[in-house]
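Student: One structure, as structure tokens, below. Some questions next.
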Amino acid sequence: MTGANASGAKGGRDARPAMERIIGFMALLHDARRRGAPGVPAEVLARSAGWQDAKDPITAVNRDLNYLRGLGWRIENISAKGLPAVFTMRSVDNRLKLALTPAQQSALRRAVLLADRADLADQLDLPADATPQPLAATLSLDDDPTLTRVVAAVRTKSRLRFRYNGSDRLVHPVSLRTQQGTWYLRAVEDGAEVVKRFVVSRMSEVDADAPGTAVAVDDTEPESLHPLAWEVDEPAEVVLRSPTEYADDVRRWLGAPQSVAEDGGETVLTYRVTHRAAMRARIHQLGTRVRVDRPSDFRDELLAELATMAGE
């Protein structure tokens, strides 16, 4: 069996020298980056491979560097044209460019800005003409002063004061995330321990205390990716009824209920709901396989959404 291996070596030949050269190149390039050096001269790379007396050492160096480029490492010659080559390297994940749509790449850049992490932009190899400059600049938040204040509070670790669901809140921010265009603040209310999620668009009278006033939260629990588990709204008990033959469908869409009972060919499922919008969206998808028994205000919210969808 034959085939190409590192640096173009053919099957049956000892690939070890080629791999040793490549690993040596990576070590030199990585060390230069760690030390803050501008790069590694081509002649240094050639000398490390024992090619200093070869007829064309630079071509040999480039052959191995091209192999590394093919593995996803970004290696560039930073010298001006006509000057001896000096190479610099950084690791990138080129899969993102293939897997993400332009809109998703835009959201990724927005997240990088939000985190204020120039190193992430470097690691993700965001294109220079698309990456906002500088990365630490203020994130464009569509002229939303509330979101701007929340972002600033998360960055500066400041306590936040705002009105939410008719009550005054004082919270210690933990993180900020967006889901399908909606921004959520994860925070702990002053004097409490549970991390809750607040919909930023529902906040009013938002004000931040001095930087550093937020208490560091021991947030060791992994954040659930299931919106139904988010603490966005005050907890409510929602009781659903489903024809027994569709009860398993309801469980698959909504998860395990708090309690289950059978009643005349119907299955009665009780859920603790802390994200009403997410629950309504799942119920819409279930359609006639489920209906809301109580509470009436939650049922009214569903009917109002259906009326809006119907254009009424």
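Student: Given (1) among the polar types (S, T, N, Q); (2) surrounded by 15 or more Cβ atoms within 10 Å (Cβ to Cβ); (3) over 16 Å from Val217 (Cβ atoms); (4) out of contact with any Leu (no Cβ under 8 Å at 6 or more places or on another chain), where does Thr148 come up short, assuming only one miss?
Tutor: All conditions pass for Thr148, except number (4).
Student: Determine whether segment 253-266 contains at least one residue that is at pLDDT 90 or above, touching a helix residue (DSSP H, G or I) at 6+ places or on another chain (Cβ under 8 Å) and either assigned by TED's automatic domain parsing to the domain that holds Thr182 or surrounded by 14 or more Cβ atoms within 10 Å (Cβ to Cβ) (or both).
Tutor: Yes, the conditions are met somewhere in segment 253-266.
Student: Being within 21 Å of Arg276 (Cα to Cα) and surrounded by fewer than 17 Cβ atoms within 10 Å (Cβ to Cβ) is the filter; apply it to segment 176-199 and report the residue that is modelled with the lowest pLDDT. So that I can check it myself, show each step before the final result.
Tutor: Narrowing segment 176-199 to residues within 21 Å of Arg276 (Cα to Cα): 176-189, 194-199.
Narrowing the set further to residues that are surrounded by fewer than 17 Cβ atoms within 10 Å (Cβ to Cβ) leaves 177-182, 189, 194.
Numbers: Arg177: 79, Thr178: 75, Gln179: 69, Gln180: 64, Gly181: 71, Thr182: 78, Glu189: 91, Val194: 82.
Result: Gln180.
Student: Just to be sure before I move on: is Ala99 loosely packed, with under 15 Cβ neighbours inside 10 Å and modelled with pLDDT under 70 in the structure I sent?
Tutor: Taking the combined requirement at face value, the residue satisfies it.
Student: Suppose we filter segment 267-288 for residues that are more than 34 Å from the chain's Cα centre (by Cα) and either modelled with pLDDT of 90 or more or among the charged types (D, E, K, R) (or both); how many remain?
Tutor: The number of residues fulfilling the criteria is 2.
Student: Here's another thing I want to ask about it. Just to check your reading of the model, which residue among Gly24, Gly39, Gly50 is in the same structural domain as Phe87 (by TED's automatic domain parsing), modelled with pLDDT of 75 or more, small (Gly, Ala, Ser) and within 15 Å of Ala85 (Cβ to Cβ)?
Tutor: Every option except Gly39 fails the conditions.
The values are calculated or read from the model by the stated rules, or taken from the named source; none is laboratory data. Remember, predicted model here, so these are calculated numbers, not experimental data. Note: ideal-geometry Cβ built from the backbone for every residue, glycine included; neighbour counts use all protein chains shown.
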